[in-house]
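The values are calculated or read from the model by the stated rules, or taken from the named source; none is laboratory data. For clarity, every value in this text was computed on a predicted model and none was experimentally measured. Cβ placement follows ideal geometry from the backbone for every residue including glycine, while neighbour counts extend to all protein chains displayed. Ligands, DNA and RNA are excluded from the accessible area calculation, which covers all protein heavy atoms including side chains. Shrake-Rupley method; radii C 1.70, N 1.55, O 1.52, S 1.80 Å.
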Amino acid sequence: MAESQDVLLDKIKEQGDLVRKLKAAKESTEKIQEEVSKLLALKAQLGSEDSAPQKFVLKTPKGTRDYNPQQMTIRNNVLQKIIAVFKKHGAECIDTPVFELKEVLTGKYGEDSKLIYDLKDQGGEILALRYDLTVPLARYLAMSKINNLKRYHIAKVYRRDNPAMTRGRYREFYQCDFDIAGQYDPMVPDVECLKVVTEVLDALDIGKYVLKVNHRRLLDGMFEACGVPVDKFRSTCSTVDKLDKLPWEEVRTEMINEKGISPDAADRIGEYVRLNGGAELANKLLNDEKLSKSKAAVEGLEGIKLLLNYCDILGISDKILFDLSLARGLDYYTGVIYEAVLTQPIKVGNEELTVGSIAGGGRYDNLVGMFDAKNKQVPCVGVSVGVERIFSVLESKLAAGDISVRTNEIDVYVASAQKNFLEERMKICAELWNAGIKTEQSYKKNPKMLNQLQHCEENGIPLAVILGESELKRGLVKIRNITTREEQEVPRANLVEELKTRINALNVKEINGSL
């Protein structure tokens, strides 16, 4: 019976160690050669095992997935709408490597650092897959000595998390980030990030939402006023951040049992984190006996008041909620923080789908300085749109038949009603391609007319050019509207011009499959 591969690998390692010892001890050539022969025989045995047919399960790794054409159509439509908003606000696009030096990523995410994917030593460098797009941006700014940048970045990130794929939670997923780096007046770039979020969510139109805002300095002041030790601010913040998923009693228990916060301090925190409102709440808290004595809390509340005033000017106040339970657990936030949450379940078929947070971000003024030898700071603020959750909502609607998508963008199908028209079809296809018209034809020499028209209907192709012997003799071709089934003869010489006119007149949804 053949030995298992693991046993064989252990024997190869032992034999290799023996050969090295013999060489180090300068044993006779004959003795060394004898043991080397044994080593080669073991390796040959391993090679023969490797070449044998293997049985394995065909699946994607846990927390990842393939995208089929319909899913890719949904994804691309969503990303196009998001990019259009980013560009409207003057953002430029950058990209960074999918992996970074491990030391670049560690120590930036607080408790979430345990979710970073480590890679083995690769060519002398200890690497890790990027956890988000924010830390790579900070490294990019510091390395490139850039002081001002308004950028967007759409790319995959990786987290060694427990996936919940039905709710859009994966180990490999897309992030869509918009960030403003530079020294500017308080809350001016911050409120633009909030405006960007509202424009993105309005463009996607997936449901009613609220944009919660808070301030890290206010949280620090609140913890200070409640008696939390300074060295436990960040870990307490991570626990408060779970309030959107867990009831207060469970959060309180974690604070006390796992984070070492006293029951009295936890109860005082509980009085604050249940509060939400608008500018009137900020004014009320500025007069709070405990918070008014904290410099950090007052600084945070003044910042929130200014932000809410700017939100009113930009016309988005009705979508903003000042919420003291919002914490956002990442360590690098220093100022305003925000999170967009769908306020109602999404109706999918006969079921309701709860989505939760679909965008989040905040100010991180100290992150770039961590990568600069002289600790030179570049203040930054940004937002990340949770597109995977948006994808999951739209894909659920697709599966339930609530929406339909078109997976190709072909405008014209060149068909023939009789045999032996392949070369003429090819000539017209070439002419239309050269004119920039999205065109295809059957790859069969003599396709059946019914099959050609069915292909158009099944794939949402709006127009067909139909070639027939009698029409071509008269210098004509037929153009058929697939939806209405109306046909019209047009001069062959005017075909390109006629098609462009008709394509421009068609409904945009009919052409490009927009949701």
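Yes/no matrix, rows are residues, columns are (1) of a type in the set (Val, Ile, Thr); (2) modelled with pLDDT of 95 or more:
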| site | (1), (2) |
| --- | --- |
| VAL405 | yes, no |
| VAL412 | yes, yes |
| LYS438 | no, yes |
| LYS448 | no, yes |
| ILE466 | yes, yes |
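Cβ separations smaller than 7 Å between residues 6+ apart or across chains give the following pairs from the range 281-292 residues that are in the same structural domain as ASP220 (by TED's automatic domain parsing) to residues that are of a type in the set (Ser, Thr, Tyr): LEU286/SER292. Contact map, the range 156-174: residues that are over 18 Å from ASP118 (Cβ atoms) and at pLDDT below 90 paired with residues that are open to solvent by less than 40 Å² (accessible area, probe 1.4 Å) and aromatic (Phe, Trp, Tyr), Cβ distance under 8 Å, separation 6+ or inter-chain. Pairs shown: PRO163/TYR170; GLY168/PHE391. Being closer than 18 Å to GLN377 by Cα and assigned to a loop (DSSP other than H, G, I, E, B) is the filter here; which residues of the range 91-146 pass it? If the condition is that a residue be closer than 18 Å to GLN377 by Cα and assigned to a loop (DSSP other than H, G, I, E, B), then GLY107, LYS108, LYS145, ILE146 are the ones that fit.
For beta carbons closer than 9 Å, sequence separation of 6+ or different chains, a first residue in the range 188-216 that is under 19 Å from GLY277 (Cβ atoms) and a second that is acidic (Asp, Glu) and not in a helix (DSSP H, G or I), the qualifying pairs are VAL210/ASP323; LEU211/GLU339; LYS212/ASP323; LYS212/GLU339; VAL213/ASP323; VAL213/GLU339; ASN214/ASP323; ASN214/GLU339.
Quick one: would you say LYS11 is touching a Leu at 6+ places or on another chain (Cβ under 9 Å), open to solvent by 70 Å² or more (accessible area, probe 1.4 Å), basic (Lys, Arg) and modelled with pLDDT under 90? Yes.
Any chance the range 207-217 includes a residue that's in a helix (DSSP H, G or I), in the same structural domain as ALA296 (by TED's automatic domain parsing) and either within 30 Å of VAL378 (Cβ to Cβ) or in contact with a helix residue (DSSP H, G or I) (Cβ under 8 Å, 6 or more places away or on another chain) (or both)? Within the range 207-217, one or more residues are in a helix (DSSP H, G or I), in the same structural domain as ALA296 (by TED's automatic domain parsing) and either within 30 Å of VAL378 (Cβ to Cβ) or in contact with a helix residue (DSSP H, G or I) (Cβ under 8 Å, 6 or more places away or on another chain) (or both).
For the range 57-97, the candidate set comprises residues that are at pLDDT 95 or above and under 30 Å from GLU125 (Cα atoms); within that set, the residue that is surrounded by the most Cβ atoms within 10 Å (Cβ to Cβ) is ILE94. Here the condition is being surrounded by fewer than 21 Cβ atoms within 10 Å (Cβ to Cβ) and touching a strand residue (DSSP E or B) at 6+ places or on another chain (Cβ under 7 Å); of ILE180, ILE154, it holds for ILE154 alone. In the range 381-403, the residue that is most open to solvent (accessible area, probe 1.4 Å) out of those that are within 16 Å of ARG75 (Cβ to Cβ) and among the polar types (S, T, N, Q) is SER396. Determine whether the range 473-482 contains at least one residue that is part of a helix (DSSP H, G or I), free of Cβ contacts under 8 Å to residues at least 24 places away in the same chain and buried (at least 16 other Cβ atoms within 10 Å of the Cβ). There is no residue in the range 473-482 that is part of a helix (DSSP H, G or I), free of Cβ contacts under 8 Å to residues at least 24 places away in the same chain and buried (at least 16 other Cβ atoms within 10 Å of the Cβ). Of the residues making up the range 414-458, those that are assigned to a loop (DSSP other than H, G, I, E, B), of a type outside the set (Lys, Arg) and either surrounded by 15 or more Cβ atoms within 10 Å (Cβ to Cβ) or over 36 Å from the mean Cα position of the chain (by Cα) (or both) number 9. For the range 335-358, the tally of residues that are in contact with a strand residue (DSSP E or B) (Cβ under 8 Å, 6 or more places away or on another chain) and at positive phi stands at 1.
Looking across the range 359-393, the residues that are modelled with pLDDT under 90 and polar (S, T, N, Q) come down to ASN375, SER392.
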